[in-house]
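Notes for the one structure printed next.
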Amino acid sequence: MTSKTILNDTHRALGAKMVDFGGWDMPIHYGSQIEEHHQVRRDAGMFDVSHMTVVDLRGGQVRPFLRRLVANSVDKLLKPGKALYTCMLNAQGGVIDDLIVYYLAEDWFRLVVNAATRDKDLAWIVAQAEPFGIGVAERPELSMIAVQGPTARERVLGLLGDADAARTGKLVKFSAAELPGTAFGDLFVARTGYTGEDGFEIVVPEAHAVALWNALLEAGVKPAGLGARDTLRLEAGMNLYGQDMDESVTPYEAALGWTVALDEGRAFNGRDALERQQRDGVPRQMIGLVMDEKGVLRHGQKVLTAQGEGEILSGTFSPTIGKAIAFARVPAGDVSGGVRVDIRGREVPVRVARFPFVRDGAAL
């Protein structure tokens with residue numbers, strides 16, 4: 001059975017085209033995916049991301065538990081409200097999921113994990129948490145709206161009271177604040193996102209989500225669907241779980257080595273496998289590609305390098321750049337000698353490019 005967020009009827013009233021996304025009935029666009037993409041890059045757009053899973057961890061042993069659970073070091077989180085992007089790994093170093101960890105108090109951390117991996121994530125977290133005696137609580141009564149773009153912050157701050165706006169306006173990137181008793185209930189506002197633009201991800205009680213969405217609409221924030229969210233995140237060089245990485249791929253093979261902390265004395269899941277890869281090298285690497293010829297790079301297309309064959313992971317037409325871009329996983333080695341993509345039997349040359357492909361709304 002397909003799940004629906006509390007905003008489902010609101011999306012339909014706005015003319016959204018709805019699709020199944022990981023078992024959720026979600027808006028792919030509201031008329032034009034490209035216009036929604038440009039709206040976020042140039043002004044402000046909002047996304048219903050209430051399908052994401054919020055999990056609260058409580059107890060005296062939460063920090064030791066997270067030291068074991070994730071590959072990045074939660075000991076970097078020293079001030080309440082700070083956030084950390086990281087991966088949960090299996091014993092082979094494969095990525096079970098990528099997620100954000102929020103430090104709210106020494107006995108309370110919050111996780112936001114992907115919608116499509118909800119069931120396996122919760123099962124894994126609960127099993128791993130048992131020896132630590134902590135509480136694991138999913139929060140299905142909470143919705144989430146992401147407001148992104150160069151004017152996103154000012155639009156959100158304009159809806160808050162003076163004290164809450166002042167506090168929220170001081171948030172640095174990858175931090176969050178609790179705002180109790182607002183006109184939209186108790187809010188949890190994080191300066192995070194999945195577009196490469198500034199903005200907030202707002203966790204709101206489900207009973208107030210429609211009111212917040214409509215208030216944002218009145219403030220000039222336009223709705224955007226999952227189609228634009230995907231092109232925005234790829235331009236920003238951000239991985240999509242299940243397409244760019246999964247349990248057969250380590251962070252080093254997914255260009256996420258920067259999320260791994262091999263701090264001394266911390267035995268996290270998958271550490272032995274990652275240390276072997278760090279010592280011996282990885283068999284595969286993820287690279288960015290830009291195609292100067294007309295056409296679109298798509299998932300599953302064959303990629304040819306001097307070291308052998310790989311494949312396109314995520315590929316799309318970039319509205320900001322005006323060309324096709326992609327992530328590809330290829331055999332490790334020097335790719336400066338040229339890379340080609342097999343498109344319907346024709347080998348098309350592509351450029352290897354560093355990512356993000358777009359920063360601060362402009363192509364790099």
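The values are calculated or read from the model by the stated rules, or taken from the named source; none is laboratory data. Here the structure is a predicted model, which means the values were calculated and not measured. All Cβ positions, glycine included, derive from the backbone under ideal geometry; neighbour counts span all protein chains shown.
Scanning the stretch 241-258 for residues that are surrounded by fewer than 19 Cβ atoms within 10 Å (Cβ to Cβ) and either within 27 Å of Asp360 (Cβ to Cβ) or among the small types (Gly, Ala, Ser) (or both) yields a total of 5. When residues in the stretch 348-364 are screened for being buried (at least 19 other Cβ atoms within 10 Å of the Cβ) and within 15 Å of Thr195 (Cα to Cα), 3 of them pass. In summary, Asp164 fulfils each of the numbered conditions (1) in contact with a Leu (Cβ under 9 Å, 6 or more places away or on another chain); (2) in contact (Cβ under 8 Å) with a residue 24 or more places away in the chain; (3) of a type in the set (Asp, Glu) with the single exception of condition (2).
Scanning the stretch 277-293 for residues that are part of a loop (DSSP other than H, G, I, E, B) and within 30 Å of Ile343 (Cα to Cα) yields Val282, Pro283, Asp292, Glu293. The requirement of being touching a Lys or Arg at 6+ places or on another chain (Cβ under 6 Å), in the same structural domain as Ser143 (by TED's automatic domain parsing) and of a type outside the set (Ser, Thr, Tyr) is fulfilled somewhere in the stretch 261-268, by at least one residue. One residue alone among Glu247, Glu253 is in a helix (DSSP H, G or I) and over 24 Å from Ile6 (Cα atoms), and that residue is Glu253. Comparison of Leu122, Leu69 shows that the only residue that is within 22 Å of the chain's Cα centre (by Cα), under 27 Å from Ser248 (Cβ atoms) and either surrounded by fewer than 18 Cβ atoms within 10 Å (Cβ to Cβ) or at pLDDT below 95 (or both) is Leu122.
The set of residues from the stretch 256-276 being of a type outside the set (A, V, I, L, M), more than 22 Å from Arg329 (Cβ to Cβ) and in a loop (DSSP other than H, G, I, E, B) comprises Asp263, Glu264, Gly265, Arg266, Phe268, Asn269. Looking at Val40, Val55, just one residue is of a type in the set (Val, Ile, Thr), at pLDDT 95 or above, out of contact with any Cys (no Cβ under 8 Å at 6 or more places or on another chain) and surrounded by fewer than 21 Cβ atoms within 10 Å (Cβ to Cβ), and that residue is Val55.
Residue-level analysis places Phe188 outside the set of residues that are within 23 Å of Arg41 (Cβ to Cβ) and part of a strand (DSSP E or B). If the condition is being in contact (Cβ under 8 Å) with a residue 24 or more places away in the chain, on the phi > 0 side of the Ramachandran plot and under 24 Å from the mean Cα position of the chain (by Cα), then the stretch 277-311 contributes no residue at all. Considering the conditions (1) surrounded by 17 or more Cβ atoms within 10 Å (Cβ to Cβ); (2) in a helix (DSSP H, G or I); (3) not acidic (Asp, Glu), Val204 is excluded by exactly one of them, (2).
The single residue among Ala129, Ala163, Ala137, Ala152 that is within 19 Å of the chain's Cα centre (by Cα) and small (Gly, Ala, Ser) turns out to be Ala152.
Of all residues in the stretch 5-32, those being free of Cβ contacts under 8 Å to residues at least 12 places away in the same chain and either in contact with a Pro (Cβ under 8 Å, 6 or more places away or on another chain) or not assigned by TED's automatic domain parsing to the domain that holds Ile145 (or both) number 1. Return yes when Met46 is touching a His at 6+ places or on another chain (Cβ under 7 Å), farther than 29 Å from Asn269 by Cα, in a strand (DSSP E or B) and of a type outside the set (Val, Ile, Thr) and no when it is not. No. Please tell me if Val54 is aliphatic (A, V, I, L, M) and in contact with a helix residue (DSSP H, G or I) (Cβ under 9 Å, 6 or more places away or on another chain). When the stated conditions are applied, Val54 does not pass them. Mind listing just one residue for me: the one in the stretch 7-33 that is hydrophobic (A, V, I, L, M, F, W, C) and in contact with a helix residue (DSSP H, G or I) (Cβ under 8 Å, 6 or more places away or on another chain) and, of those, nearest to Val210 (Cα to Cα)? Applying the filter and picking the extreme gives Leu7.
Pairs linking a residue in the stretch 325-340 that is basic (Lys, Arg) to a residue that is assigned to a strand (DSSP E or B), with Cβ atoms under 6 Å and 6 or more positions apart or on different chains, are Arg329/Arg284; Arg329/Met286; Arg329/Gly310; Arg329/Leu313; Arg340/Leu304; Arg340/Glu347; Arg340/Pro349.
Here's the yes/no breakdown for (1) surrounded by fewer than 15 Cβ atoms within 10 Å (Cβ to Cβ); (2) in the same structural domain as Ala236 (by TED's automatic domain parsing); (3) within 23 Å of Tyr194 (Cα to Cα):
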residue	(1), (2), (3)
Val290	no, no, yes
Gln301	no, no, no
Val330	no, no, no
Arg346	yes, no, no
